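K.L.:
My questions will all concern the structure given below.
The values are calculated or read from the model by the stated rules, or taken from the named source; none is laboratory data. Just so you know, these numbers come straight off a predicted model, no measurement behind them. Every residue, glycine among them, receives a Cβ derived from its backbone with ideal geometry; neighbour counts consider all protein chains shown. These accessible areas exclude ligands, DNA and RNA; they are computed on the full protein's heavy atoms, side chains included. Shrake-Rupley method; radii C 1.70, N 1.55, O 1.52, S 1.80 Å.
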Amino acid sequence: SSHSNFVVIILHQDYIENSNVLCEILKNLAKKHPQVKFLKIQATNCVPNFKDIDVPTIFIYQNGEIFKQFLPAPYFFGGNKMTFNKVEWVF
């Protein structure tokens, strides 16, 4: 069931470059890991007044509970040097 699988949610904004980079990386991760559900949500549609400085943010859920959060995500993945391999390794 989906309750035992991981769900990865990215809160993004189209006008933030690191957000677009990370969305592209996650899109490719989703192809490699079809058992994981990936969701992309515009940050301010999800959390009113979500600060741009915290975008992009990633939340990972397992069994309906928060498993891990990366806020702001680029900090954990090498900032402007984020790569597919780095994100996959951290996950």
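K.L.:
Name the residue that is farthest from GLU88 (Cα to Cα), counting only residues in region 53-74 that are open to solvent by less than 70 Å² (accessible area, probe 1.4 Å) and assigned to a helix (DSSP H, G or I). Write out each step before concluding.
P.N.:
At the first step, the residues of region 53-74 found to be open to solvent by less than 70 Å² (accessible area, probe 1.4 Å) are 54-60, 62, 64, 70-74.
Imposing the further condition that a residue be assigned to a helix (DSSP H, G or I) reduces the set to 54, 74.
Details: ASP54: 20, PRO74: 13 Å.
Among those residues, the one meeting the criterion is ASP54.
K.L.:
Same structure again: Has region 35-42 got any residue that is under 14 Å from VAL21 (Cβ atoms), hydrophobic (A, V, I, L, M, F, W, C) and touching a residue at least 24 places away in the same chain (Cβ under 8 Å)?
P.N.:
No: zero hits.
K.L.:
Output yes when any residue across region 23-36 is on the phi < 0 side of the Ramachandran plot, of a type in the set (Lys, Arg) and surrounded by 14 or more Cβ atoms within 10 Å (Cβ to Cβ), and no when none is.
P.N.:
no
K.L.:
State whether the residues of region 16-38 include one that is at pLDDT below 95, in a helix (DSSP H, G or I) and farther than 20 Å from PRO74 by Cβ.
P.N.:
Looking through region 16-38, none of the residues is at pLDDT below 95, in a helix (DSSP H, G or I) and farther than 20 Å from PRO74 by Cβ.
K.L.:
Exactly one of (1) among the β-branched types (Val, Ile, Thr); (2) outside any helix (DSSP H, G or I); (3) over 9 Å from the mean Cα position of the chain (by Cα) is unmet by VAL8. Its number?
P.N.:
Condition (3) is where VAL8 drops out.
K.L.:
Given the structure, is LYS86 open to solvent by 70 Å² or more (accessible area, probe 1.4 Å), without any contact (Cβ under 8 Å) to a residue 60 or more places away in the chain and out of contact with any Gly (no Cβ under 8 Å at 6 or more places or on another chain)?
P.N.:
Spelling it out, it is not the case that LYS86 is open to solvent by 70 Å² or more (accessible area, probe 1.4 Å), without any contact (Cβ under 8 Å) to a residue 60 or more places away in the chain and out of contact with any Gly (no Cβ under 8 Å at 6 or more places or on another chain).
K.L.:
Which one of PHE50, PHE84, PHE59 is under 11 Å from the mean Cα position of the chain (by Cα) and not β-branched (Val, Ile, Thr)?
P.N.:
So the residue among PHE50, PHE84, PHE59 that is under 11 Å from the mean Cα position of the chain (by Cα) and not β-branched (Val, Ile, Thr) is PHE59.
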